[in-house]
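The values are calculated or read from the model by the stated rules, or taken from the named source; none is laboratory data. Just so you know, these numbers come straight off a predicted model, no measurement behind them. No Cβ is skipped: glycine too gets one built from the backbone with ideal geometry, and neighbour counts run over all protein chains shown.
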Amino acid sequence: MTTAWLLLAVGDARQHGGNDGYDDNPREHYRWDSTVPNHARLAVGDVVALWDKKELIGVSAIDSIETGTEDKTLYFCPQCQKADFKRRSRMTPACRCNQCGATFDTPGQKVKPVTTYLSRHGRRWMDGRGLLTGAQLRALCDSPNSQLSMRPAQWEKLRDALLATGRASTEAVSGLTGQQHRRVPIAGGHRFAKVRTRVGQAAFRAALLREQGQQCAISGPAPAEVLEAAHLYSYAATGEHHDFGGLLLRRDLHTLFDKGRIAVDPETGLLDADPELDAYPVYAELHGKPLVFDLHAEHRVWLAAHWNAHRAGS
């Protein structure tokens with residue numbers, strides 16, 4: 001059974017027992033110590049939903065918990081000795097005790113040895129901004145009216161609430177508990193099939209290797225094994241190998257050229273990369289560069305036709 005927790009993550013504003021706050025990084029880790037209720041109940045594998053009182057920040061699952069010890073300064077009401085008081089930024093005195101009602105500027109303090117905890121959860125982090133409100137999150141807790149910074153919650157309700165938003169994928173939510181979709185084995189073996197082969201393709205490629213050498217016309221020198229004979233026109237439509245109708249291209253660049261994702265501007269002779277390739281530096285950096293192969297006039301005729309087919313009117 002999956003255990004879930006609602007964890008308050010508001011940095012230095014997260015105080016319990018009059019302490020100095022915690023160094024939280026919601027996307028990566030969460031800190032607490034043995035002064036916090038439920039401090040020893042969290043475990044590796046538990047789902048954690050971090051919030052800032054107003055809305056969900058994100059959801060993940062605990063990958064590891066590191067423990068240690070330190071001496072911690074705790075603050076308390078000088079009148080009733082309780083640590084339950086509120087610091088007030090716009091009123092004087094600066095503090096008011098929630099237990100006895102006393103107000104004061106300087107709380108009492110003491111040093112106490114505590115056990116420290118640091119949970120790490122960055123690996124399965126799912127951003128949750130805008131998904132669930134504070135009120136919705138409180139309703140998922142075992143005790144909706146609880147004021148604790150670490151509150152036990154019901155995983156099934158949290159899961160259903162996330163999926164109901166329509167913005168959290170089933171795969172991502174299932175992945176929080178390690179319940180990934182079962183992989184179906186891919187059938188293997190062989191079968192016989194009739195295929196249509198390009199007559200003369202090997203001779204066409206051999207001729208290009210003799211004329212152009214072991215280099216990709218776009219990216220430069222490359223092993224012959226990765227170079228393909230790229231027609232500058234639709235061979236499927238003509239079925240002919242024209243003189244100066246091809247260039248040697250690296251396999252990936254051949255595919256992009258055939259699909260028009262990369263073209264050659266017939267006026268400048270410079271490469272034009274589809275803007276959608278900007279996300280891939282190895283292709284984006286080709287934009288505006290010249291071919292590494294000196295073109296014949298006939299090459300330019302075919303490249304102009306390719307340009308018009310894929311760039312005209314764009």
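Please tell me if GLN201 is out of contact with any helix residue (DSSP H, G or I) (no Cβ under 9 Å at 6 or more places or on another chain) and modelled with pLDDT under 90. Here the answer is no, as GLN201 does not meet what is asked. Of the candidates LEU270, LEU253, LEU247, the single residue that is in contact with a Leu (Cβ under 7 Å, 6 or more places away or on another chain) and surrounded by 13 or more Cβ atoms within 10 Å (Cβ to Cβ) is LEU247.
Kindly check whether there is at least one residue in the stretch 279-287 that is touching a helix residue (DSSP H, G or I) at 6+ places or on another chain (Cβ under 7 Å), farther than 20 Å from ALA222 by Cα and at pLDDT below 95. There is no residue in the stretch 279-287 that is touching a helix residue (DSSP H, G or I) at 6+ places or on another chain (Cβ under 7 Å), farther than 20 Å from ALA222 by Cα and at pLDDT below 95. Being surrounded by 18 or more Cβ atoms within 10 Å (Cβ to Cβ), under 23 Å from ALA206 (Cβ atoms) and touching a helix residue (DSSP H, G or I) at 6+ places or on another chain (Cβ under 7 Å) is the requirement here; does LEU303 meet it? No. Evaluating ILE57 against the criteria (1) modelled with pLDDT under 90; (2) outside any loop (DSSP other than H, G, I, E, B) leaves one unmet condition, (1). A single entry from LEU131, LEU118, LEU158 fulfils the requirement of being outside any loop (DSSP other than H, G, I, E, B) and more than 25 Å from ASP71 (Cβ to Cβ): LEU158.
Within the stretch 92-115, being in a strand (DSSP E or B), polar (S, T, N, Q) and at pLDDT 90 or above holds for THR103, THR115. Checking each residue in the stretch 288-314 for being at pLDDT 90 or above and closer than 16 Å to LEU208 by Cα picks out LEU291, VAL292.
Residue-wise test of (1) in contact (Cβ under 8 Å) with a residue 24 or more places away in the chain; (2) surrounded by 14 or more Cβ atoms within 10 Å (Cβ to Cβ).
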site	(1), (2)
LYS53	yes, no
ARG87	yes, no
ARG90	no, no
PRO93	no, no
THR103	no, yes
PRO107	yes, yes
THR115	yes, yes
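Candidates THR35, THR92, THR69, THR73: the one that is of a type in the set (S, T, N, Q) and closer than 30 Å to MET1 by Cβ is THR35.
Quick grid of which residues meet (1) in contact with an Asp or Glu (Cβ under 9 Å, 6 or more places away or on another chain); (2) aliphatic (A, V, I, L, M); (3) modelled with pLDDT of 90 or more:
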{"site": "ILE62", "(1), (2), (3)": "yes, yes, yes"}
{"site": "GLN79", "(1), (2), (3)": "no, no, yes"}
{"site": "ARG87", "(1), (2), (3)": "no, no, no"}
{"site": "ARG90", "(1), (2), (3)": "no, no, no"}
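Right, THR67: assigned to a strand (DSSP E or B) and in the same structural domain as HIS29 (by TED's automatic domain parsing) or not? Yes; evaluated as a whole, the condition is true for this residue. The number of residues in the stretch 1-33 that are part of a loop (DSSP other than H, G, I, E, B), modelled with pLDDT under 90, crowded, with 16+ Cβ neighbours inside 10 Å and not acidic (Asp, Glu) comes to 11.
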